[in-house]
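As structure tokens, the structure follows; a few thoughts come after it.
The values are calculated or read from the model by the stated rules, or taken from the named source; none is laboratory data. If you're wondering where the values come from, they're calculated on a predicted model, not measured in any experiment. Neighbour counts are summed over all protein chains in view; Cβ atoms, including those assigned to glycine, are modelled from backbone coordinates with ideal geometry.
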Amino acid sequence: MNLEISLLGTLGTLSIIFLFYILARLSERLGSVERMSPLYRYYYVAIIFLVFGYVVHLLVVRSSLTPESFSDWLISTWFLLLAYHLPLAVGVTIGLVVTWSYWSWLVTETKNRLYVPFWIIQ
């Protein structure tokens, strides 16, 4: 496993964690103004799943770079599936559902308007 590619993979997961934190803060403000139920708290649940997957990914990268100091089950397919991919999928799915519940009005609002490109209006 290449070190640079592995670390870029962990940076991708870390960026999704920061994205969910920003969305949680924005959704908290939007929900307080609109008096919505506090669904933004599920972003933090999703962040917990993502952090777990992030830590497991760092552990797997470390174990694949120095395999003599770690067990073989750390780089097995089942461990990666259950401890890395599954928590990431659950966390991103939770984030998707919460994002849709807070921000779906942006999609429906733009569908109701007639879009005219700026070069036509001259």
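When residues in segment 59-106 are screened for being among the aromatic types (Phe, Trp, Tyr) and in contact with a helix residue (DSSP H, G or I) (Cβ under 7 Å, 6 or more places away or on another chain), 5 of them pass. Number of residues in segment 85-109 that are among the small types (Gly, Ala, Ser) and in contact with a Leu (Cβ under 9 Å, 6 or more places away or on another chain): the value is 3. Right, residue 98: within 22 Å of residue 8 (Cα to Cα), at pLDDT 75 or above and part of a helix (DSSP H, G or I) or not? Taking the combined requirement at face value, the residue does not satisfy it. Reported count of residues in segment 14-36, each being hydroxyl-bearing (Ser, Thr, Tyr) and crowded, with 17+ Cβ neighbours inside 10 Å, is 1.
Any residue at all in segment 24-32 that's modelled with pLDDT under 85 and over 13 Å from residue 99 (Cβ atoms)? Among the residues of segment 24-32, at least one is modelled with pLDDT under 85 and over 13 Å from residue 99 (Cβ atoms), which makes the answer yes.
How about segment 51-92: which of its residues are within 19 Å of residue 16 (Cα to Cα) and not aliphatic (A, V, I, L, M)? Within segment 51-92, 52, 53, 54, 57, 84, 85, 87, 91 qualify.
Could you please find all residues in segment 20-45 being of a type in the set (A, V, I, L, M) and either outside any helix (DSSP H, G or I) or at positive phi (or both)? Let's see the steps before the verdict.
In the first step, residues of segment 20-45 are kept if they are of a type in the set (A, V, I, L, M); the result is 22-24, 26, 30, 33, 36, 39, 45.
Of everything in segment 20-45, those that are of a type in the set (A, V, I, L, M) and either outside any helix (DSSP H, G or I) or at positive phi (or both) turn out to be 36, 39.
Among the residues of segment 33-58, which ones are among the small types (Gly, Ala, Ser) and either modelled with pLDDT under 90 or farther than 17 Å from residue 90 by Cα (or both)? Show your work before the answer.
Step one: of segment 33-58, the residues among the small types (Gly, Ala, Ser) are 37, 46, 53.
Residue satisfying the conditions is 37 alone.
The residue list 39, 7, 11 contains one member that is exposed (fewer than 14 other Cβ atoms within 10 Å of the Cβ) and in contact (Cβ under 8 Å) with a residue 40 or more places away in the chain, which is 7.
The residues of segment 44-68 that are among the polar types (S, T, N, Q) and either in contact (Cβ under 8 Å) with a residue 24 or more places away in the chain or farther than 16 Å from residue 3 by Cα (or both) amount to a single one, 64.
In segment 51-97, the qualifying residues are those that are among the hydrophobic types (A, V, I, L, M, F, W, C) and under 11 Å from the mean Cα position of the chain (by Cα), and the one that is surrounded by the fewest Cβ atoms within 10 Å (Cβ to Cβ) is 96.
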